[in-house]
Amino acid sequence: MTEEGPVAGRGSFPHLGADGAAQRPPMGGWRPGEPESDQTIPLPDSQPAAQPIEDTVQLPLASLSQALPAIPPAVPPPPPPAPRARRPRALLAVLASVVVLLLALAAVVVVRPGPVDKWLGGGRDDSVLGPLPSDPPPEPVLAGAATDAPMPSADGVKSAIAPLVTGSRLGSRFHISVVDMATGERLYGRGQDVPTLPASTNKLITAATVLATRGPDYRIPTRAVAGDSPGEVVLVGGGDPTLAVNANGSYPGAARLDQLAGLVKQALGGTAPTKVIVDSSLFTGPVYGPWDSDIAHNGYAGPAVALMTDGARVNPEKVKPPAVRHKQPDLAAGRAFAKALGLPASAVSRGTAPADGQQLGQVESMPISRMVEIMLSESDNVIAEMLARQVALAKGEPASYAGAAAAMKTVLTDDLGLPAGEIQLSDGSGFSRADKLSPSVLTDLLRISADSEHPELRAIFSGLPVAGWSGTLQDRYRTAAAGSRAGAGVVRAKTGTLRGVNAIAGVVVDADGRPLAFALMADAVSIGEDAAEDALDRIAAKLATCGCR
């Protein structure tokens, strides 16, 4: 993914520090490790298969170029959509909700990244150059929204975006919801209550439900316990997808097997390790989801096993997908652990930990909130499926695809008050074509997540990619020709892409400073992927430029 490779404690993400905090890109506009365009796997026309997009997070240039307004096609607006009685909702306090959203969308503090020597050519002694000049104070990622900003009118929003909706070629199943974040009032709807294929916008569901059940500070443990015989060590997986073998892992701030091995050696004292038993029994059921047949092996997903390292990647430095994944990641982790203990690969086998086995050591993952941020910004499918199983474990369901889907729906309906009839779940990543969500479920979820009564959901907003800036939106909202540059830096949203499916759902601050939530979902798309994304982006960008009163 990068020219410089992983750095100790930082993994393969050059924009992140050892603790996962954002770093300032180098001056002059060049960004090391700038990713290529989205990679896709060619699919035969005879087989409707998923074609996911999973970009790598990159922070922006020091400033964005002047945004240009979106240009709608010259077509008349449609008649207003027929009103439908919507389930009762308690209105949020305007001031409290806006303030909470502003906190959630607060500026990312950035500092000078390293290693600077490699950015400047590598291999030379920079100490002779003297100290580097201080960076200027960082600019906020998003401008603050005024707490007294006027709310758009439904007629104003309709006038602004209806021409873009009517002129779209996104197919007959193009459904939209736009709501005011502070009050929850519906500002625009078109099939807003119709369950629609969400693709990776489904990860918003996974994020909200794992934050609601495990909490943002929860850390997933990986344990080592004593086996039945002297020197036997049982490595027990807890479902941490970010676990690393050593300092050169794929994810910054990950727990490490070499450190766990050090704890084990200390606990064993004079007893030499003789064998490693791998216990990945925490998860049950199929290791691959109910997906199109190519997805399991196309490099964008991996088996959902309770013990793995680096998202099951064979090469932890190959972060950007498609990446080769281990078919048996638990055994691969066991072999790496055995090596750290000074044992050969032949000393590794599968088994289960004794019920009364003495714990020899434990390492813990980064907080769930940080894992959620990575999942959303990079659209990491392996993390998504592993987090969905954490919801199942928290709700007492089997840690399987079916159990996770049932648990997540329970959280959405019973705990967050969303309508069961507009939710159908089959996995945590959005690969499954059995997943269905209405646009209004997504906008209601975003609104709830900004409510001061749900501070545990705040990581959803800090994880959303920023238009023209990071994650799956890094290369979008950048060209005047697309008509969406006005959204750069102010649209923050999760994307979703499968073959024939294009979606985007997130938040935007309008021209008056009012925060809005939107969900744009099309699951019968016949035009090309780039054209579909441009059509969606123009609508979101129009919301950014419109006061809509």
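Structure notes:
- The one condition in (1) within 31 Å of the chain's Cα centre (by Cα); (2) open to solvent by less than 20 Å² (accessible area, probe 1.4 Å) that Pro367 fails to fulfil: (2)
- The requirement of being under 16 Å from the mean Cα position of the chain (by Cα), basic (Lys, Arg), modelled with pLDDT of 95 or more and within 30 Å of Asp294 (Cα to Cα) is fulfilled nowhere in region 485-493; no residue meets it.
- Tally, over region 179-233, of residues that are open to solvent by 10 Å² or more (accessible area, probe 1.4 Å), polar (S, T, N, Q) and not in a helix (DSSP H, G or I): 3
- Within region 361-400, being farther than 19 Å from Thr222 by Cβ and either in a loop (DSSP other than H, G, I, E, B) or of a type in the set (Lys, Arg) (or both) holds for Ser379, Lys395, Gly396, Glu397, Pro398, Ser400.
- When Ala267, Ala272 are screened for being open to solvent by 30 Å² or more (accessible area, probe 1.4 Å), in contact with a Leu (Cβ under 6 Å, 6 or more places away or on another chain) and either over 27 Å from Val314 (Cβ atoms) or not aliphatic (A, V, I, L, M) (or both), only Ala267 passes.
- In the set (1) open to solvent by less than 10 Å² (accessible area, probe 1.4 Å); (2) over 21 Å from Asn381 (Cβ atoms); (3) touching a helix residue (DSSP H, G or I) at 6+ places or on another chain (Cβ under 7 Å), the condition left unmet by Ala493 is number (2).
- Complete set of residues in region 420-469 that are in a loop (DSSP other than H, G, I, E, B), surrounded by fewer than 24 Cβ atoms within 10 Å (Cβ to Cβ) and either among the charged types (D, E, K, R) or in contact with a helix residue (DSSP H, G or I) (Cβ under 7 Å, 6 or more places away or on another chain) (or both): Ser426, Arg433, Asp451, Ser452, Glu453, His454, Arg458
- Answer residue from region 234-260, given it is β-branched (Val, Ile, Thr) and open to solvent by 10 Å² or more (accessible area, probe 1.4 Å) and is nearest to Lys275 (Cα to Cα) among those: Val236
- Being farther than 23 Å from Val179 by Cα, among the aromatic types (Phe, Trp, Tyr) and surrounded by 21 or more Cβ atoms within 10 Å (Cβ to Cβ) is a property that does not hold for Tyr477.
- Selection count, region 295-318, where residues are open to solvent by less than 30 Å² (accessible area, probe 1.4 Å), of a type in the set (Asp, Glu) and assigned to a loop (DSSP other than H, G, I, E, B): 0
- Val490 of a type in the set (A, V, I, L, M, F, W, C) and in contact with a Pro (Cβ under 8 Å, 6 or more places away or on another chain): no
- The number of residues in region 409-419 being open to solvent by 10 Å² or more (accessible area, probe 1.4 Å) and assigned to a loop (DSSP other than H, G, I, E, B) comes to 3.
- Near pairs, Cβ below 6 angstrom, 6+ apart or cross-chain, from region 522-539 (more than 20 Å from Val194 (Cβ to Cβ)) to any residue that is in a helix (DSSP H, G or I): Asp534/Ala482; Arg538/Leu164
- Candidates Gly342, Gly249, Gly334, Gly289 - the one that is at pLDDT 95 or above and part of a helix (DSSP H, G or I): Gly334
The values are calculated or read from the model by the stated rules, or taken from the named source; none is laboratory data. Quick caveat, the model's predicted, so the values are computed rather than measured. Note that we place each Cβ from the backbone using ideal geometry, even for glycine, and neighbour counts take in every protein chain shown. These area figures cover heavy atoms from the full protein model, side chains too; ligands, DNA and RNA do not enter into them. Shrake-Rupley method; radii C 1.70, N 1.55, O 1.52, S 1.80 Å.
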